[in-house]
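The next block holds one structure in the form of structure tokens; read it before the comments.
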Amino acid sequence: MSNAISTSVPVIEKVNKPDFVFDPSIRRDHAEQYRTSEWYDGRGEIKAVDDGRSFEISATFTLKSEVKLVNGVLDPSNPILANIYKSRNRCVAVVDHMVDELYGKSLTNYFEQNDIPLKTLVCRAWESDKNTDTVHKILQFLGKDGCDVSRNEPVLIIGGGVLSDVAGLACSLQHRRTPYVMIGTSVVAAIDAGPSPRTCTNSKLFKNGIGAYHPPVMTIVDRTLFRTLAKGHIRNGMAEIIKMAVTDDQTLFELLEKYGRRLVETHFANFDADEELVKISDEVIYRALYSYMKHEGTNMFETYQDRPHAYGHTWSPRFEPVVKLMHGHAVTIGMSLGATLALEMGWITTNERDRIVNLCHSMGLSVYHEIIEDTELMLQAQKNITRKRGRRLWAPLPTGIGSCSFAKEISPDLLTSAVEEHKKFCASFTSFGSQGKGEEMYLSDLGLE
């Protein structure tokens, strides 16, 4: 007896009804009154063929995102937040626990003075909290059992890079897309993680492995908030500015060579700064943001992999969590190795490589760690990132100061040889530790484990 199951496929006959026409291009347009929120728009198109058995759909999604440099954002006389939340009759905010200790009273006073009800979730946001449990905690606050946030109500997020990542991800999941306004209180959040569309949590041994593309509708950068940061956090954030200087903006690079160390020491002109340094600080922040968003903002959903801002982020997502490095230090190790790799490939001169590595090291950032000598781990990192970037490595590497290109393939032999050459070069660095290690380079140095 046969065990085969016999099935018959019904024949579907095309029904030619007078009121049914296969239009090769049926476009769906929407009246303005049906828009979910003022920041999002979209159009779609459906194309049918006349056999009545297939059709194709294409759609476009448009978003509006602003980045604003503002001083004194929590001064009650500053209208920027009041203009957003007054008409909504409340503000729902997720606030980093350290920010709440430092600025909680100012935040509460701002909304009281502007007669706007405020509901706040205070959330610890260390690197160890960058997980799905934290995302679920925020979702509970935003959801039906909490504030019941509407899908057109912008959540206010105030904190550093970790909070911007996890709270941004929570907003992407709340009603599938809830807008949010980001105030970055660390340099990383202000320059990089805050305005970025890439929201995320960490996965096992791979940083930022789980996430969604969901940019803030507005990013507010207030450098006066940097005055309360530990110097190690200032230094950590400088790595993200350096990467844009190396890959996109020669003028920014030269400003960092001249003023970078002073910007770290003065917390971006918040202490012992003259008028010139205040202007330089604003210019450095603006240039870094503009260079970053020129590439990230116009490629919001990472549909293309020619991304200069991925410089320093090719191997570091794998080795950073293994030795518990501060993110900025992991990035500058990746950038410095990348500069030596570019030198080995003939893309830059010895002088250009030296300037890149020296700039990182001059600010107390790491340029070398023995973890990169672990060939198996480095090759695994390369394999992971190749898969992530669509089975092409597309590693951004400098082609000069202020420009870059993308390596499609880096052989194991070339990578090994570059690591060995980089180790020899960094052996000459003696400040901040041996062989190019930096100041306060581990999470434990700043109590973030």
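The values are calculated or read from the model by the stated rules, or taken from the named source; none is laboratory data. Note that the structure is predicted; figures quoted are calculated from it, not measured. Heads up, the Cβs are rebuilt from the backbone with ideal geometry, glycines too, and the neighbour counts pull from every protein chain shown. Surface areas here come from the heavy atoms of the whole protein model, side chains and all, with no ligands, DNA or RNA. Shrake-Rupley method; radii C 1.70, N 1.55, O 1.52, S 1.80 Å.
Treat every Asp and Glu Cβ in region 142-282 as -1 and every Lys and Arg Cβ as +1, leave all other atoms uncharged, and give the resulting dipole magnitude about the Cα centre to the nearest 20 debye. The partial results should precede the final answer.
On the way: 16 positive and 17 negative charges, 131 e Å.
The calculation lands at about 620 debye.
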Carbon/sulfur accessible area of region 323-449, % of total, 1.4 Å probe, equals 47
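Which percentage, to the nearest 5, of the DSSP beta bridges contained in the chain is antiparallel?
Beta bridges within the chain, antiparallel portion: roughly 50 percent.
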Can you give me the span-like helices of the chain, meaning DSSP H runs with 24 Å or more of Cα extent along the axis and Kyte-Doolittle mean at or above 0.5?
327-344
Semi-axes of the equivalent ellipsoid of the chain: what are they in whole Å, largest first, if each equals the square root of 5 times a C-alpha gyration tensor eigenvalue?
40, 32, 21
Given only helices, namely DSSP H runs of n ≥ 4 each adding -39500 (n - 2.57), what is the per-residue ellipticity at 222 nm of the chain, to the nearest 500 deg cm²/dmol?
-12500 deg cm²/dmol
Candidate lysines - alpha carbon under 25 Å from K130, same-chain residues fewer than 8 apart omitted
K119, K144, K204, K207, K231, K243, K324, K383, K388
Quick check on region 66-226: what are the equivalent-ellipsoid semi-axes from the Cα gyration tensor, as sqrt(5λ), descending, whole Å?
23, 17, 14
With DSSP loop assignment and no more than 13 other C-beta atoms within 10 Å, the trypsin sites (Lys or Arg not before Pro) in region 31-85 are R35, R53, K64
What value in Å³ per residue do you get for the convex hull of the alpha-carbon atoms in region 380-449?
156
